[in-house]
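The values are calculated or read from the model by the stated rules, or taken from the named source; none is laboratory data. Computed from a prediction, not measured in an experiment: that's the story for all the values here. Backbone-built Cβ (ideal geometry, glycine too); neighbour counts: all protein chains shown. Side chains included, ligands, DNA and RNA excluded: accessible areas come from the protein's heavy atoms. Shrake-Rupley method; radii C 1.70, N 1.55, O 1.52, S 1.80 Å.
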Amino acid sequence: MNSTFMKENRVNVDMLGNNTIALLIRVALLRGRKEKLWSRFTFMCFTILCMSSFLLPSVVNAKTLKCRVVLDYFRVPPLPKSGTEPENSFEANIMMDTNTDQWSINYLKGTSNRKFVGTYPDYILNFLYMADNSTACFVSNAKEGYPIDLDGDERLFWFAYCAKNYIRKNEGQPVIVPFSEPRTFCYVDGCVMHAHWRFDADVCPDEATFVYSLGVFEKGIKVLSFEPPGNFIEARERQFKGFKDTHKDGDVVAEFKVSEWQQVGDINIPHLWELDFWLWKTPPSPHGMRCLGRTDVAALTEDAVQLPQLPKVKKINDYRARDVFPQMNYISYTISNGILPKVTDFVEISTNHPVPHFVGSGGAAQLTQHFLRPRLIFTGLLAFLAVGPPLLFLFRRKKKIT
């Protein structure tokens, strides 16, 4: 009986041991399978996240400000014919990518022709829509981040909604007033800018002043367009001297102010704002312009900044040539493949041709001169004619005596 009991007990122990071993193996296998499943699940999640960051950048990165803005210009004091009505009015849709600083301004209406301007990877494209349904196309570079070749109203829209990083970077530095045309009129390029900010979430300062500096003003004439001698040059030289005579260092030439703000998501934009520009502020009759801006509609969107396609065949007025060709405002040519030449292409042309010419373009180069140079050359010639003959007479007489 004992032996039978012992046999049955041994069998039970063996079965228990086998069952235990089987259970441990099963647990081990299951644990390994779970670890593999967890590992695979983690890897899949990581892969999907990485793919999403590349395939869906608009969801991860894009934050585009889109707003409709109205801008009115008022002359101070007003002209009799204008009364209380604005002298110029503009309405535009503005888009600004807060991550890439890419922007576009699409005019809905204006006092003159409609237009569009926007940033491309390495240049600024500007379309002007004519009354006869034709379109003029202009290409330019930003000058150290500033879109100098744009019209005053375009630059003012840009300053209020698209220039945050530029304004912060150039605090206390020479900055062209976002008004009028710096290539034409010398009085907008002679100031140092000082900006005051409320919060980092604001797209522009709540106040910015443009303070006159004689040194900056005298250097500013370098960006003026080159023009031939004539009435225009003489008028611009009188303007240059008159502005120097009526201004001293420290005078405030222009003031940008935001009176009401509007929050769009986590961004603050100007709802009501203005720019006051003064040709002179001397009482009793200060003269200048007041520019009043208003944001009508604004929102954040995942849409990319809207940029029009460059036509395949198009005549181009290219202001980038200023950086390559001396004494030249722009060159005109026609593209036939929808692709603009690079600035390096201009450099190659300049080494072979004194005046750039694009085959088949019929392009005309506008050769001009600096507005002060003709007067200096003429003055030097008169001085030589006045002093030269007496000096030559004295030299010959001295030679005869010796």
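Couple of notes before you dig in:
- Rounded to 0.05, the FRET efficiency of the Glu181 and Asp266 pair, given R0 = 60 Å and the Cβ-Cβ distance, is 0.95.
- Projected label distance in nm at Val297 and Trp280, using a 7 Å step from Cα toward the beta-carbon: 4.6 nm
- Cα→Cβ-extended label distance, 7 Å offset, between His287 and Lys219, nm: 2.9 nm
- Computed FRET value (nearest 0.05) for Asn93 with Asp245, which takes r as the C-beta separation and R₀ as 51 Å: 0.75
- Gained length - Ala235 relative to Phe199, 0.36 nm times residue gap less alpha-carbon distance: 8.6 nm
- Pairs with C-alpha atoms separated by more than 23 Å, drawn from the list Lys222/Lys312; Lys63/Lys109; Lys164/Lys281; Lys143/Lys164; Lys66/Lys115; Lys219/Lys248, are Lys222/Lys312; Lys63/Lys109; Lys164/Lys281.
- Alpha-carbon centroids, the stretch 255-272 and the stretch 156-196: separation in whole Å: 18 Å
- Percent breakdown of C-alpha pair distances by 10 Å bin, ordered from the shortest bin, for the stretch 101-167: 19, 56, 22, 3
- Sorted peptide list for 308-315, 180-187, criterion being average Cβ within 10 angstrom, highest first: 180-187, 308-315
- Carbon + sulfur, % of accessible area of the stretch 228-354 - ligands and nucleic acids excluded, 1.4 Å: 52 percent
- Pairwise centroid distance, computed over Cα atoms, of the stretch 282-340 with the stretch 59-120, Å: 12 Å
- Cα gyration tensor, the stretch 98-214 - rounded (a/c under 1.5), prolate or oblate: prolate
- Straightening the chain between Glu207 and Lys312 buys 33.4 nm, computed as 0.36 nm per residue apart minus the Cα-Cα spacing.
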